[in-house]
1. Considering each residue of the stretch 136-156, count those that are small (Gly, Ala, Ser), open to solvent by 50 Å² or more (accessible area, probe 1.4 Å) and in contact (Cβ under 8 Å) with a residue 24 or more places away in the chain, and give that number.
2. Quick check: is even one residue across the stretch 157-168 open to solvent by 40 Å² or more (accessible area, probe 1.4 Å) and of a type outside the set (A, V, I, L, M, F, W, C)?
3. Which strands (runs of 3 or more DSSP E) sit wholly inside the stretch 137-215 and have at least 3 residues that are out of contact with any Ser or Thr (no Cβ under 7 Å at 6 or more places or on another chain)?
4. Tell me the residue from LYS129, LYS124, LYS135 that is away from ligand 2 (no atom under 16 Å from the Cβ), under 16 Å from GLU216 (Cβ atoms) and in contact with an Asp or Glu (Cβ under 9 Å, 6 or more places away or on another chain), please.
5. So, in the stretch 27-48, of the ones that are more than 17 Å from VAL15 (Cα to Cα) and assigned to a loop (DSSP other than H, G, I, E, B), which residue ends up nearest to ligand 1 (Cβ to nearest atom)?
6. Given the structure, is ARG176 open to solvent by 70 Å² or more (accessible area, probe 1.4 Å) and away from ligand 2 (no atom under 14 Å from the Cβ)?
7. Being closer than 27 Å to GLU193 by Cβ and either within 22 Å of the chain's Cα centre (by Cα) or open to solvent by 50 Å² or more (accessible area, probe 1.4 Å) (or both), is that true of even one residue in the stretch 90-100?
8. Is there any pair linking a residue in the stretch 227-251 that is within 14 Å of ASN433 (Cα to Cα) to one that is at pLDDT below 95 and open to solvent by less than 40 Å² (accessible area, probe 1.4 Å), with Cβ under 6 Å and at least six apart or on different chains, and which?
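The values are calculated or read from the model by the stated rules, or taken from the named source; none is laboratory data. Treat the numbers as computed from the prediction; the structure is a model and nothing was measured. Neighbour counts are summed over all protein chains in view; Cβ atoms, including those assigned to glycine, are modelled from backbone coordinates with ideal geometry. When the accessible area is computed, the model is the full protein with side chains, heavy atoms only, and any ligands, DNA or RNA have been set aside. Shrake-Rupley method; radii C 1.70, N 1.55, O 1.52, S 1.80 Å.
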Amino acid sequence: MKFKKNILCIGAGYVGGPSMAMIAYKCPDYRVTIVDTNPDRIDAWNSAELPVYEPGLDEIIKKTRGKNLFFAKDIENQIKENDIIFVSVNTPTKTFGAGAGKAADLQFVEKTARQILEHSQSPKIVIEKSTLPVKTALAMERILASAKGKITFEVLSNPEFMAEGTAMADLEKPDRVLIGSRETQSGLKARAELVDIYARWVPAEKIITSNIWSSELSKLVANAFLAQRVSSINSISALCEKTDADISEVARAVGMDSRVGSKFLKAGIGFGGSCFKKDILNLVYLCNYYGLQEVADYWESVVKINEYQQDRFTANILGSMFNTLAGKKICILGFSFKADTGDTRESPAIYITRKLLAEHAQVVISDPKALKNAAIDLASDKGKISYIEDPYSAASGCHALAILTDWELYRKLDFQKIYKSMVKPAFIFDGRNIIDHKKCFDIGFNVYPIGKPALSRFEDQSSV
Ligand code: NAD
Ligand code: UGA
């Protein structure tokens with residue numbers, strides 16, 4: 001079959017896989033190929049067990065894979081054969097050299113640009129889908145401009161706003177699609193070509209265009225604003241715990257103001273995930289780089305509050321359990337950074353588990369999708385942790401439960417049954433405020449929510 005357009009995506013990760021699967025699904029007359037330097041990832045995408053868990057992804061892959069969606073390893077050939085190339089490689093925080101701990105590590109993006117340069121035999125549109133510091137497109141353009149002969153490249157920015165766990169719904173009905181380009185004739189032409197792809201299923205008014213730098217910066221700022229809301233509500237949860245105010249009631253009252261809005265006001269153990277922290281630190285780095293110290297400090301405080309919230313949570317466990325956890329068994333319910341994903345990158349659970357181990361607690365981890373990743377994250381603590389998928393077996397014989405992920409299944413657990421199997425006095429630390437606290441207290445638990453008065457039989461010992 002002859003396809004109308006040939007699209008390539010370099011990087012078959014959490015973004016490349018789902019976002020390209022959606023394009024293939026919505027555009028059956030386009031051929032979409034995804035490549036990756038990691039051959040195991042490509043094999044997994046071609047197998048029955050996909051490397052990424054996302055509700056609804058399996059169905060779309062079944063409908064498209066082998067028809068107009070392909071996962072391939074021959075990167076060089078694919079660059080030659082495709083005219084539109086998305087770059088969706090990882091952009092982690094730099095761990096070495098200048099800017100270590102804050103700046104984005106752009107080595108994978110730059111390698112990709114050089115690969116495209118080396119293997120292209122015809123003009124291409126190169127689209128930044130990875131999240132990048134503002135002005136990265138300039139470096140891309142400079143590398144690609146060194147092409148010999150007449151090959152031209154147009155660089156666009158098309159950041160991805162999907163969230164994990166809801167990726168397929170976000171991709172199918174995005175709040176907006178953002179496309180940034182140079183405002184030259186060729187830039188506008190390339191931009192129109194990308195608009196055409198999304199226009200297949202996204203309403204015209206939701207496809208917005210801008211200059212390329214605004215597009216790059218908007219992505220960092222969007223994540224910074226979202227994370228800032230989480231840190232804002234978490235900071236207030238600390239005050240609630242001191243004053244007997246209830247964070248859910250405060251969030252509801254504040255969020256009902258339509259100028260504020262109700263989303264992203266759930267207090268918890270702090271944000272995790274591969275992007276919020278890295279993108280804010282990147283923003284902080286950029287502000288410092290441009291001499292904007294006050295602006296840098298302002299955004300860095302969002303990350304500091306996030307760390308504070310995780311410290312507060314573990315300190316509360318220690319303080320409430322009579323200031324010693326040595327030899328006590330603590331069951332962690334939920335290890336992924338949020339519900340409906342197996343992703344554990346930057347999950348608060350990693351940090352909290354390490355803190356509990358440092359107190360010589362015995363840790364049992366339960367999660368419906370993330371146990372494999374949890375065991376990799378905590379490989380250096382092998383032998384000190386048990387991994388048990390069934391929450392009832394995991395909780396049995398434990399002194400405390402710590403709910404760290406907002407999986408729906410935890411709301412529906414039979415806490416009476418769990419209580420019977422635990423060591424008494426039994427404790428619950430609900431890091432996501434998702435269970436019925438009063439009911440659990442009546443069963444016999446001592447219950448410690450976030451930002452709400454504790455329901456404890458040892459009230460005087462609960463302060464930290
Ligand atoms: P990921 O680590 O899951 O995937 C990136 C993939 O790129 C890896 O499989 C890696 O092997 C591959 N890769 C690296 N260099 C390569 C090269 N030169 N050639 C071919 N493949 C190469 O990362 P991700 O979560 O998909 O994130 C990718 C980008 O998207 C990041 O910039 C991230 O900030 C951004 N983003 C992520 C999300 C999310 O929910 N995870 C959402 C929006 C934006
Ligand atoms: C986030 C953004 O929501 C996406 O728009 C963006 O594309 C993506 O980052 C990215 O660039 O990677 P994601 O990290 O997948 O998506 O998930 P979120 O739903 O944003 O949750 C992030 C963290 O904040 C989770 O740990 C979650 O539990 C926490 N959170 C979220 C709260 O603690 N409270 C809330 O009210 C909302």
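1. 2
2. yes
3. Details: elements: 153-157, 177-181, 207-211.
Where strands (runs of 3 or more DSSP E) fall fully within the stretch 137-215 and carry at least 3 residues being out of contact with any Ser or Thr (no Cβ under 7 Å at 6 or more places or on another chain), they are 207-211.
4. Being away from ligand 2 (no atom under 16 Å from the Cβ), under 16 Å from GLU216 (Cβ atoms) and in contact with an Asp or Glu (Cβ under 9 Å, 6 or more places away or on another chain) holds for just one of LYS129, LYS124, LYS135, which is LYS135.
5. So, considering only residues that are more than 17 Å from VAL15 (Cα to Cα) and assigned to a loop (DSSP other than H, G, I, E, B), the one nearest to ligand 1 (Cβ to nearest atom) is SER47.
6. Numbers: open to solvent by 70 Å² or more (accessible area, probe 1.4 Å): yes; away from ligand 2 (no atom under 14 Å from the Cβ): no.
Judged against the criteria, ARG176 is not a match.
7. yes
8. That search, which allows pairs on different chains as well, returns nothing.
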